[in-house]
Amino acid sequence: MNGPAPGDDAGRQLVFFGADAAEPAVADLAGLLAGPAEVVRMGGTARLSVRVDAAWRVHVLVAELASRGLAASWEPIEGERHAVRTSYTRVLKPLAAAWLHGPTKRPPAAFHLTGRRLRLWLAAAGTPEPPDCYLLRLGPDDQECWEPIGVALAAAGLAGTLLGPAEGGPAYRITGRRRLARLAELVGGPPPAAPADAWPTRQ
C-alpha cells in the first residue's frame with residue numbers, strides 16, 4: 001500500500017475534523033448551504049429547505065435534522081424529486097444572518113468544511129461518478145457561492161473542478177483515489193438509508 005504523497009500531512013490532519021469528531025450541531029447545516037439548500041428569514045426566525053433527487057436522501061436528512069433538535073417535513077415535487085424543509089425557528093436565525101446578504105446566499109468569510117458539514121452536503125447532493133470521481137452539486141442560482149465553496153474544498157484537501165450548467169453542473173468534481181479516500185475518511189461511513197454505491201468508501 002502506498003504511503004502518503006509528499007505534502008499530504010496537512011490533509012491527513014484534517015481527519016480531526018471528521019464527521020465522528022464532534023457532536024451534531026446546528027452549525028453543521030452550513031454544509032447543506034454549501035450545496036443546493038436555501039435559507040429564508042421571517043421576522044426573528046428562519047427556515048432551511050433543500051430539494052433532493054432520491055427518497056433515501058429524505059430519510060437521511062430528516063434524521064440528521066432531528067439529531068440537531070430541528071423538526072423537518074418533506075413532500076414530493078416535480079420529476080420524482082422531494083423537498084425537505086425545517087419549520088421556521090429562532091435556532092436557525094444565526095445561520096441565516098451569516099449566509100444571507102439581502103436575498104443573496106453567500107458563505108461567510110470564515111467558512112470552512114468539516115466532516116459533518118461535508119456529510120450533510122453529500123447526503124443532500126453528492127453523486128458518485130465511477131471509477132474515481134465524485135460530484136458535489138451546488139445551487140444553480142448561487143453563483144456567488146461557487147468560488148468560495150471551491151476554496152473551502154481545497155482547504156480541506158479536496159480540490160475539485162467546477163462544472164458549469166452546460167457541463168452537467170453546477171457541481172464540483174472531486175477526482176482521484178487519494179482525494180476520494182480523504183473524502184470518505186472525513187464524512188465517515190454511509191448512513192443506513194444510503195445505497196451502498198452512493199457513498200464514498202476508503203480505498
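Taking the 1.4 Å solvent-accessible surface of the chain as the whole, the part contributed by carbon and sulfur is 55%. Its relative contact order, with pairs defined as Cα atoms under 8 Å and 6+ residues apart, puts the chain at 24 percent.
Restricting things to alpha carbons, find the Rg to Rh ratio for the chain using the Kirkwood radius for Rh.
Result for the chain is an Rg/Rh of 0.95.
Extension gain, GLU75-ALA109: 0.36 nm per intervening residue step, less the Cα-Cα distance, totals 8.9 nm. Each of the peptides 105-118, 42-55, 25-38 was scored by the mean count of other Cβ atoms within 10 Å over its residues; in descending order, highest first, they stand as 25-38, 105-118, 42-55.
Here's the picture: a label point sits 7 Å out from the Cα of ALA181 along the beta-carbon direction, and within region 102-136 the residues with their amide nitrogen under 20 Å of it are 115, 128-135.
A simple rule links phi to the HN-Hα coupling: the Karplus curve 6.51 cos²θ - 1.76 cosθ + 1.60 with θ = phi - 60°, which for region 155-160 gives 5, 8, x, 10, 3, x Hz, with x for Gly and Pro. Oblate is the label for region 21-70. Its Cα gyration tensor axes, ordered a ≥ b ≥ c, give a/c of at least 1.5 and b/c at or above a/b. Each Lys or Arg adds one and each Asp or Glu subtracts one; over the other residues with Cβ under 15 Å from the Cβ of ALA193, this totals -1. Annotation: for a label point projected 7 angstrom from Cα along Cα→Cβ of MET42, residues of region 77-102 with backbone N closer than 15 Å are 85-93. Computed about the Cα centre, the dipole magnitude for the chain is approximately 440 debye when only Lys and Arg (+1) and Asp and Glu (-1) carry charge, each at its Cβ. Per-residue surface analysis assigns CYS133 an accessible area of about 30 Å², computed on protein heavy atoms at 1.4 Å probe radius. Per residue, the chain exposes 50 Å² of accessible surface when a 1.4 Å probe is rolled over the protein heavy atoms with every protein chain present.
The values are calculated or read from the model by the stated rules, or taken from the named source; none is laboratory data. From a predicted model like this one, the values you see are computed outputs, not experimental measurements. Neighbour counts are summed over all protein chains in view; Cβ atoms, including those assigned to glycine, are modelled from backbone coordinates with ideal geometry. In case anyone asks, the SASA skips ligands and DNA or RNA and just uses the protein heavy atoms, side chains included. Shrake-Rupley method; radii C 1.70, N 1.55, O 1.52, S 1.80 Å.
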